[in-house]
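Heads up: the structure comes next, in structure tokens.
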Amino acid sequence: MTVTVDKLARAIEKRMGMPRSEGQSVAERVMNYFGFKTFIIDNAVDSEDRKMFYTLHDAGLLRSSWETVLLLSGRNWRIFYWELNEGDIDRIVGEGDEESEREEPVYRELPEE
């Protein structure tokens, strides 16, 4: 379940109804942040791109999370993260369906008990 630029572009096109060229452009911008990782820290994201990230979050393509850490001064510091929603991206583009189709006949062959 690896997210590529092409896979993300197809998911953006399907979920958000964008034209192919615009979906590809957005996917390239997003994947420039992620590279080979599935999550990044929010501080690395430009403020204009953050707006796009929230739009993708609302579309179910990205997830956000946070953690609170204790600083040496005794203050709490909250760190925000962005994560690619790999499972939903695969579901949107229709990948991974082969596995569920492969498992289905096994259940058909089992006795009713």
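Solvent-accessible area assigned to carbon and sulfur over the stretch 1-47 amounts to 53 percent, based on a 1.4 Å probe.
Across the protein chains, with a 1.4 Å probe defining accessible surface, the residues TRP82, TRP77 rank TRP77, TRP82 from largest area downward. Gain on full extension, evaluated as 0.36 nm per residue between THR38 and LEU72 minus their Cα-Cα distance, stands at 9.3 nm.
The values are calculated or read from the model by the stated rules, or taken from the named source; none is laboratory data. Just so we're clear, the structure is a prediction, and the values are computed from it rather than from any experiment. The protein model used for the area step is the full one, side chains on, heavy atoms only, and it has no ligands, DNA or RNA in it. Shrake-Rupley method; radii C 1.70, N 1.55, O 1.52, S 1.80 Å.
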